């Protein structure tokens, strides 16, 4: 009469010696951890693209000003206002700020307290309502870099952008624009895609 083997115990013909269950489970556990680690590294590896010169199209947006450290609540309030007005959005949310060099350094207090303008492109008509304003941005030549990774590490992409502009003899002629191509609240934070634009001449 054939006797059932324990789970995961292969029944090879001519098998003479069995591995202990402890060693067997250790092998499976190690394999699982290595596989998981490889997947984790692939997902969480930051990527900074090449700097390119592009033309950024003009747009109309609803904006509100505030401090960078309050970006998430400001953005949430802006979306709530737009939904209450039944306005169609026409692109990804973005922020604008002065091109000070300390923005290319690791996240620090001066940057956290800096004044930014949070914008969401819209289509259709809209009139200023209190702190919510309409801003119109004209088409401009921009140097652009695309970054995939957590927002707190955006300074690496800013630094690369500023260094490229300086090395190629350009000058920044206006406010920096950071476009949140993907919503940082959806999926993994390290998968967030941000495009950083600097107007140049």
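The values are calculated or read from the model by the stated rules, or taken from the named source; none is laboratory data. All of these numbers come straight from a predicted model, not from anything done at the bench. Virtual Cβ from ideal backbone geometry, glycine too; neighbours counted across all protein chains shown.
Counting residues in region 148-161 that are part of a loop (DSSP other than H, G, I, E, B), surrounded by fewer than 19 Cβ atoms within 10 Å (Cβ to Cβ) and touching a strand residue (DSSP E or B) at 6+ places or on another chain (Cβ under 6 Å) gives zero.
Only residues that are modelled with pLDDT of 90 or more and in contact with a helix residue (DSSP H, G or I) (Cβ under 8 Å, 6 or more places away or on another chain): list them for region 25-56, please. Walk me through how you get there before you give the answer.
Here is the first cut: in region 25-56, the ones modelled with pLDDT of 90 or more are 48-56.
Of everything in region 25-56, those that are modelled with pLDDT of 90 or more and in contact with a helix residue (DSSP H, G or I) (Cβ under 8 Å, 6 or more places away or on another chain) turn out to be 48, 51.
Out of region 162-183, which residues are part of a helix (DSSP H, G or I) and either crowded, with 16+ Cβ neighbours inside 10 Å or on the phi > 0 side of the Ramachandran plot (or both)? Answer for region 162-183, where residues must be part of a helix (DSSP H, G or I) and either crowded, with 16+ Cβ neighbours inside 10 Å or on the phi > 0 side of the Ramachandran plot (or both): 162, 164, 165.
On inspection, residue 65 fails the criterion of being assigned to a helix (DSSP H, G or I) and either within 18 Å of residue 143 (Cα to Cα) or at pLDDT 80 or above (or both).
Report whether or not residue 145 is over 13 Å from residue 51 (Cα atoms), at pLDDT 90 or above and part of a strand (DSSP E or B). Working first, answer last.
Values: over 13 Å from residue 51 (Cα atoms): no; at pLDDT 90 or above: yes; part of a strand (DSSP E or B): yes.
Judged against the criteria, residue 145 is not a match.
Limited to region 115-137, what total is found for residues that are in a loop (DSSP other than H, G, I, E, B), touching a residue at least 12 places away in the same chain (Cβ under 8 Å) and surrounded by fewer than 16 Cβ atoms within 10 Å (Cβ to Cβ)?
Start the filter on region 115-137 by keeping residues that are in a loop (DSSP other than H, G, I, E, B), which leaves 124-128, 130-131.
Within this subset, residues satisfying the condition of being touching a residue at least 12 places away in the same chain (Cβ under 8 Å) are 124, 126, 131.
Imposing the further condition that a residue be surrounded by fewer than 16 Cβ atoms within 10 Å (Cβ to Cβ) reduces the set to 124, 131.
The qualifying residues number 2.
Taking residues in region 138-151 that are under 18 Å from residue 57 (Cβ atoms), and partners anywhere that are in a loop (DSSP other than H, G, I, E, B) and at pLDDT below 90, not one pair has Cβ atoms closer than 7 Å while being at least 6 places apart or on different chains.
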